[in-house]
Structure formats: structure tokens, C-alpha cells
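Bear in mind that the values in this text are calculations on the coordinates, not laboratory data. Quick caveat, the model's predicted, so the values are computed rather than measured. As a convention, Cβ positions derive from the backbone with ideal geometry for all residues, glycine included, and neighbour counts pool all protein chains shown.
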Amino acid sequence: MPSAAVENARRYNAYLRLYVAWTPEHAEAAWRDAHRFENLPDEQKQPGHWYRYEGSDGLIEVQPDHSGEWHGDGELPEGVDPASVIEIPADDSRPTLLHELVAILKQVPAAAQNDAQAAELIEILKDLATPERAARLVKNFQKTLRTVPAVVEEQLRFLHQASQQMAGRELLAGKVCGYDVAGLLIVAAIAEAAAARDGQACSAVLAKAAAMEVSALAELGARVIQDCWWRKMGDSVTAGLDSLRSQGEKIIKSAQEGLYPEGHPELVLDIYYGGLLQAVPYLLAAEEGYHKLKHAPNLAGDDLDTFTHKAETAEEKLVRMRTALLYSAQDVDLSRLRAKQAEVRALLNADRKKAEGLAHEIIDLEFFYPPTFRSVLLGDPQTARETAGAT
């Protein structure tokens, strides 16, 4: 049985990943809605239903295979009885993610060596959702960019270092959120693609970016896309966005195929979900960039179809990331994993093929576990004992 300190650290990491992956506002909405759903009776939580959150016009369709689809227009297809739609009632009784994170940090003893660090983290978390913080971040970035010599090699080196630091240490530490990182990644990726074609044009774009009046890094990324499109640099924009999407997919694949410590499933998940978190800003940047291009002036029909498809595929992967990080925050004690193990094992003796199909469904459609968890779900005796001992 892990100590209370270890359990708190795992819980904090899981909550923090969800909190910073997009924005705190996105995280709080997902957290609130998930717990509202959990309050439904068990029979209403089974797949194959249509749902509507109280106060919302949109509908959520959950297929029998647990995949879901959002219908923003609120229209039911022909043959679906409106009375069959399950309304998920409002419930504000659940503490917010921020409250949970702060509560964990406040458990650090006042005499502990990391007490001052915990107090600092509380202030960082409280500040993370404020527009003032977003404005400070982008202004500091622009100020530093203006001090970099107007030599394209130096500018690219600075952008690479800044984006790697933000996408790595600062995101994992909870000092920035996914949309911050996505904005910076857009600027860096487009600059790199532009420099390969015309270094002087790249420097001109960055000079303008450093002087733009914007309120957040995400806005700066969108404005750079717009500026480059007007400069007839669409090829650089699309090359940059394609590169970001590719990098995001590679990070996901690396997380799925990673070499993880044996005998500690809880550590596997902690490392794995950290990898997924680092993929989010790259896919966010691609999705936001392609959506921006969909509304660009003088767009050819083929380009519209291409950008729409690329935006949708990036969005689909982001939905998987959001689901994975949300489940991670809801299953810190691995009780859901143990329940799924029992469900799969109950099928093993009767129909191994069905059991393997259920394990595949759980990994790919529900929890988005790493593929290595197939043996955990199918009840390999050694991994079963290790999982049980980890919780």
C-alpha cells in the first residue's frame, strides 16, 4: 500500500495534467461535467444513449462501443424518441480541480523543506487562469524576441529553446497551459518553414510578431498565421502546421511504445499520461491553425477540404487525449482499472475472443491505456498481482 505522500503526489500529478492540458477553464468544465454524469443511475450510464446537460442545447450520442459524438445543433435523427434523451442535471457540489490541487498542496507540513515551494505553487495555480497572466506571458516573450539579433539563425535558435522549455518543463510543472504552448509552437514552426524558403521574409514576420498588440500567446499564433497568409506565405504556414501535427503524433506513439518500469502499473500510467500531456499542445496548434486557415480569404475549394480534414483529424486525437487525462484524474486509485480487469477476466474462461475484444475496446475507446496494459486487463497472473499490490 503506497504512503499518503505518494498517493497525494499521484493525485496531484493527475489533476495537474488535466488542469493545464488546454486551459484551466476547459479542465474545470470537463471535471464538472464528468462528475455530473457519474451521479446518474448505473443503468443510465450504459452506452447506447443520447444525453443533454441541463442548460445546454447540444446533444451527446454515446454509441454501444463507448465512442461518443457531440451534436451542437441539438437535432435528433429521425427515429430517435426525444423522450429517450437523458438529461444530466446540474450539480455544483463537487469541489473544483483548483480547490483539489490547492488542498493537496496545503497538506505539506509548515516545517517541511518544500513548504515554501508548495505555497509558491498555490499562487501559480491561482494565477494560471487569469487574463493578466496570459498577457504578461506574451509580453515577456515579445520583449525577449525583440532583443534577439535580427539574424534568422539566432531567431530560430531562440524560438526552439523557448518552445522546448515551455512544452517540456513549464507545462509539466503547471506554469503554463496547453494553449500558451500551442501559440508559441505555431510561431516557431512557421518561422522555421519560412526560413527554409526566405530568411529575410522570416525575420520580417518575426519583427511584426514582436510588435503585435495581443493578449495571449494563442492569439499571437493566430495573428502570425493571418500575417503570413496575407504575405502569400501559405506554403510556410501549412508546412509548419503539418510539422506540428506530425510531432504530436510521434509523441503519442512514443508514449504508447515506451519502455516502462515492470511491476509498477501506477508508475507506468503516471509516465504515460505525462507523455500524452506533452503531445496536446502540438495537436492543439495544428487544430487551431487549420481552423484559422479554413476561414482564410481567397481559399481554393480543394484547400478548404484539406484544411477541414486536417483540423478534424487533429481534433479527434485531442478528444482521445482529453478523455485519457480525464479518466486518469478520476481513477487515481486504479479502482476503475481493477473493475475492468474483473470484467475482462469474467469473460476469459467462457470466451477468450470476446475477452480480448473487450480489452481492446477498453484500451482504445474508453481509457486510452497504453497497449502494454493488454496483459494487465487479460489477467496475466504476474501483472495482476503487481497491479493489486500497487493500490
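Summary table below
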{"read-out": "For the chain, with +1 on Lys and Arg beta carbons and -1 on Asp and Glu, the positive-most of LEU244, TRP229, ALA201 along the dipole", "value": "ALA201"}
{"read-out": "Per-residue HN-Hα couplings for the stretch 196-211 [Karplus 6.51, -1.76, 1.60; θ = phi - 60°; Hz; x = Gly/Pro]", "value": "5, 9, 7, x, 5, 5, 4, 5, 5, 4, 5, 4, 5, 4, 5, 9"}
{"read-out": "Residue order, fewest to most beta carbons within 10 Å, for LEU337, LEU59", "value": "LEU59, LEU337"}
{"read-out": "Point-to-point label distance, ALA204-ALA29, nm (Cα→Cβ direction, 7 Å offset)", "value": "3.9"}
{"read-out": "At R0 = 56 Å, FRET efficiency that the Cβ-Cβ distance of ILE86 and ARG146 yields, to 0.05", "value": "0.55"}
{"read-out": "Residue order, fewest to most surrounding Cβ atoms within 10 angstrom, among CYS177, CYS228", "value": "CYS228, CYS177"}
{"read-out": "Neighbourhood net charge (15 Å Cβ-Cβ; Lys/Arg +1, Asp/Glu -1) for THR147", "value": "+3"}
{"read-out": "Pair ALA5, ALA346: separation of 7 Å Cα→Cβ label points (nm)", "value": "4.0"}
{"read-out": "Eligible lysines near LYS250 by straight Cα distance, threshold 26 Å, same-chain separation 8 or greater", "value": "LYS175, LYS292, LYS294, LYS310, LYS317"}
{"read-out": "Computed [θ] at 222 nm, deg cm²/dmol, the chain (DSSP H ≥ 4; -39,500 (n - 2.57); rounded to nearest 500)", "value": "-21500 deg cm²/dmol"}
{"read-out": "Least to most buried among HIS309, HIS71 (fewest other Cβ within 10 Å first)", "value": "HIS309, HIS71"}
{"read-out": "Cα gyration tensor, the chain - rounded (a/c under 1.5), prolate or oblate", "value": "prolate"}
{"read-out": "Gain upon complete extension [HIS309, LEU172; 0.36 nm per residue less C-alpha separation]", "value": "46.3 nm"}
{"read-out": "Pairwise label distance in nanometres, ARG94 with TRP230, each label 7 Å out on the Cα-Cβ vector", "value": "4.4"}
{"read-out": "Prolate/oblate/rounded call for the stretch 19-127, Cα gyration tensor, a/c under 1.5 rounded", "value": "prolate"}
{"read-out": "Of SER375, SER84, GLN164, farthest towards positive along the dipole that unit charges on Lys, Arg, Asp, Glu beta carbons give the chain", "value": "GLN164"}
{"read-out": "Global form of the stretch 159-295, assessed from the alpha-carbon gyration tensor, a/c cut-off 1.5", "value": "prolate"}
{"read-out": "Ordering of 151-157, 275-281 by burial proxy (mean other Cβ atoms within 10 Å per residue, highest first)", "value": "275-281, 151-157"}
